[in-house]
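Participant: One structure follows; several queries about it will come next.
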Amino acid sequence: MEIIVTDADAIGALVADEVEALLARRPDAVLGLATGSSPLRVYDELATRVRAGRMSFAGARGFTLDEYVGLAPDDPRSYRAVIHDELVSRVDFAPGAVLGPDGGARDLPAACAAFEREIQAAGGIDLQLLGVGTTGHIAFNEPASSFASRTRVKTLTAQTRRDNARFFDGDVAAVPRHCLTQGLGTILESRQAVVIATGAAKAPAVREMVEGAVSARWPCTALQLHPNALVVLDEEAAAGLELIDYYREVAEHRAAVGGHVSR
């Protein structure tokens, strides 16, 4: 892993630089798109750059990480709607270029398998954006998820539903109990993973993800097995890291090797 600790306001530009560099090299790149609060600054920055004519998503494709089961596609709380509002409608993806798992399907396992086939047909994901939950989940892979898992139905923990109640007017009972999510195995096949975490509530999960033992108790620790993972943190999220001084030193001197350091 490469760890960068920076001011929260700088995270959007830093991660957008990674996306912009990828699209400059490969205009038809395949992106994995996260929802939630973590990537919002990134999406704002990407939209600004597209409006300025600095970059384009016209040849790119995208796949969302997850979706609630049972919400209508046009429900503003569905992740299909959220990713449309926060990114797709603000940049220049071609129509139909961004897909998500179908949480309203009558046959949910078949919908999951179809989504996996779409990712494979696109050539796999070049850059996967991720957040990390307080339970240690990435996407909606809750504790005890298999590191070999593929897109599937999962049951959300009570903690995750409490955390996400803010998107449902504070009503925990309104948060769906089930979701479809890319599996840890799916995520680990991405060619680059970029994880964003901000705020003190994420510090315990970040500590485990970066410095803890690889364990199904903390699904985010699967990213220690990823050959090209970049973790971008603000000071609060990084507060529990024992080796933070080393990570700062690595980040300070990454420009000397062209921004390429061992991950």
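The values are calculated or read from the model by the stated rules, or taken from the named source; none is laboratory data. Bear in mind that the values here come from a model prediction, so they are computed numbers and not experimental data. Note: ideal-geometry Cβ built from the backbone for every residue, glycine included; neighbour counts use all protein chains shown. Protein only, heavy atoms only, side chains kept; ligands, DNA and RNA dropped before computing areas. Shrake-Rupley method; radii C 1.70, N 1.55, O 1.52, S 1.80 Å.
Participant: Considering only protein heavy atoms, what per residue accessible area in square angstrom results for the chain with a 1.4 angstrom probe?
Facilitator: Value for the chain: 43 Å² per residue.
Participant: Could you sort the peptides 164-171, 214-221 by per-residue average Cβ neighbour count (10 Å cutoff), highest mean leading?
Facilitator: 214-221, 164-171
Participant: Assuming R0 = 45 Å, can you tell me the calculated FRET efficiency for the pair A24 and A173, based on Cβ-Cβ distance, to the nearest 0.05?
Facilitator: For A24 and A173, the calculated efficiency is 0.45.
Participant: Rounded to a whole number, what % of the accessible area of the chain do carbon and sulfur atoms account for, probe 1.4 Å?
Facilitator: In the chain, the share of accessible area belonging to carbon and sulfur is 52 percent.
Participant: Take N228 and R191, extend 7 Å from each Cα along the Cα→Cβ direction, and tell me the distance between the two endpoints in nm.
Facilitator: According to this spin-label approximation, the distance is 0.6 nm.
Participant: Have a look at the DSSP beta bridges in the chain and tell me what percent are antiparallel, nearest 5.
Facilitator: Details: 9 of 29 bridges.
Around 30 percent antiparallel, to the nearest 5.
Participant: Something else now. E252 to A105: extension gain in nm, 0.36 nm per residue of separation minus the Cα-Cα distance?
Facilitator: Once the chain is fully extended between E252 and A105, it gains 48.1 nm.
Participant: Rounded to a whole number of µm²/s, how large is the Stokes-Einstein D of the chain at 4 °C and 1.567 mPa s, given Rh as the Kirkwood radius over C-alpha pairs?
Facilitator: So the translational diffusion coefficient is about 70 µm²/s.
Participant: Sticking with this structure for a sec: If you average the sequence gap of Cα pairs under 8 Å that are 6 or more apart and divide by the length of the chain, what percent do you get for the contact order?
Facilitator: On the way: 537 pairs, mean separation 62.4, N = 263.
Computed value for the chain: 24 percent relative contact order.
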